[in-house]
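Just below is one structure, and these are the notes that go with it.
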Amino acid sequence: MDEPGRYARPELERRWLLDGVPDGLVPKAHLSDRYLDGTRLRLRLVEQPDGTVVRKLGHKVRADPADASEVWHTSLYLDEAEHAALVTLPGQPLVKDRYDW
């Protein structure tokens with residue numbers, strides 16, 4: 001395993017694929033991600049229903065390359081100008097909504 005660094009925190013990832021959103025759930029946040037080509041970096045824009053916007057640059061290191069459930073994660077919070085500069089880098093976009101259940 002790569003050394004995650006002193007500021008990284010462990011995170012257990014759990015994912016479910018559903019046929020649809022269960023009745024009664026309302027999106028908690030809209031996420032716009034950009035996975036930067038050739039890196040383990042993710043640029044994220046989080047838009048809350050109240051209009052709050054959070055911009056982050058994340059770095060993930062897998063504890064075991066054969067097991068995707070445990071990762072070490074570090075985030076940097078960005079201002080609008082920093083996010084605008086980084087979003088120009090080549091990367092793969094992913095857009096999703098986050099729900100609380």
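The values are calculated or read from the model by the stated rules, or taken from the named source; none is laboratory data. Quantities reported herein were computed from a predicted structural model and do not represent experimental measurements. Counting neighbours? That spans all protein chains shown, and the Cβs are built from the backbone with ideal geometry, glycine included. Surface areas here come from the heavy atoms of the whole protein model, side chains and all, with no ligands, DNA or RNA. Shrake-Rupley method; radii C 1.70, N 1.55, O 1.52, S 1.80 Å.
What the table below lists for this structure:
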| item | result |
| --- | --- |
| Count - residues of region 16-59 that are charged (D, E, K, R) and either part of a loop (DSSP other than H, G, I, E, B) or in contact (Cβ under 8 Å) with a residue 40 or more places away in the chain (or both) | 8 |
| Cross-chain or 6+ apart pairs with Cβ under 8 Å, region 76-93 first and among the β-branched types (Val, Ile, Thr), then surrounded by 16 or more Cβ atoms within 10 Å (Cβ to Cβ) and in a helix (DSSP H, G or I) | none |
| Flag if residue 18 is surrounded by 13 or more Cβ atoms within 10 Å (Cβ to Cβ) and modelled with pLDDT of 80 or more | no |
| Flag if residue 55 is of a type outside the set (Gly, Ala, Ser) and in contact with a helix residue (DSSP H, G or I) (Cβ under 7 Å, 6 or more places away or on another chain) | yes |
| Residues that are modelled with pLDDT of 95 or more and in a strand (DSSP E or B), drawn from region 77-101 | 77, 78, 91, 92, 93, 94, 95 |
| Residue list for region 30-74, restricted to those being touching an Asp or Glu at 6+ places or on another chain (Cβ under 7 Å), open to solvent by less than 50 Å² (accessible area, probe 1.4 Å) and modelled with pLDDT under 95 | 61, 63, 69, 71, 73 |
